[in-house]
1. Is it the case that some residue within segment 28-38 is open to solvent by 70 Å² or more (accessible area, probe 1.4 Å), closer than 18 Å to R12 by Cα, modelled with pLDDT under 75 and not in a loop (DSSP other than H, G, I, E, B)?
2. Run down A48, A98, A18 and say which single residue is over 22 Å from the mean Cα position of the chain (by Cα), hydrophobic (A, V, I, L, M, F, W, C), modelled with pLDDT under 80 and assigned to a helix (DSSP H, G or I).
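The values are calculated or read from the model by the stated rules, or taken from the named source; none is laboratory data. In this text the structure is predicted, and so the values were computed from the model without any measurement. Remember, those area values only see protein heavy atoms, side chains included, never the ligands or the DNA or RNA. Shrake-Rupley method; radii C 1.70, N 1.55, O 1.52, S 1.80 Å.
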Amino acid sequence: MIELADMVRQLRDQLNTALTSAGPGPVRFELGPVEIEATVAIDRTGGAGGKVNFWVVEANADASVSSSRTHRVTLTLQPTLVAPDGTRRHVLVSDDEAHGER
C-alpha cells in the first residue's frame with residue numbers, strides 16, 4: 001500500500017515529467033482537471049487526537065487489507081503553474097516552450 005499523499009505527489013511528478021518531455025510538433029494540450037478514483041484503507045493511530053492515514057489499496061491487495069474497512073474516494077485536481085510572484089497560469093503540454101509555459 002502507498003499513502004494517499006505519496007500517490008498525489010507521484011502523480012504531480014509524472015505530470016511535471018510530461019510537461020518537460022512532450023513529443024515534437026505544434027499541437028499543444030491544455031492540462032485540465034485530473035480526476036483520481038482510489039480505494040483507500042483508513043488507519044488511525046493514537047486514539048481520539050491521533051493521526052489519520054489514508055492508504056491507497058492496490059488492485060491485487062492481500063487478504064489482510066480486504067478484511068479491513070475500505071472506502072472509495074474521488075479527487076479532482078486542477079493543475080496550475082504558479083510563478084514566484086504568485087501569478088497563476090494554465091498548464092500547456094508541448095515540445096516547444098510557449099509564453100506562460102515552463
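1. The answer is yes, given that some residue of segment 28-38 is open to solvent by 70 Å² or more (accessible area, probe 1.4 Å), closer than 18 Å to R12 by Cα, modelled with pLDDT under 75 and not in a loop (DSSP other than H, G, I, E, B).
2. A48
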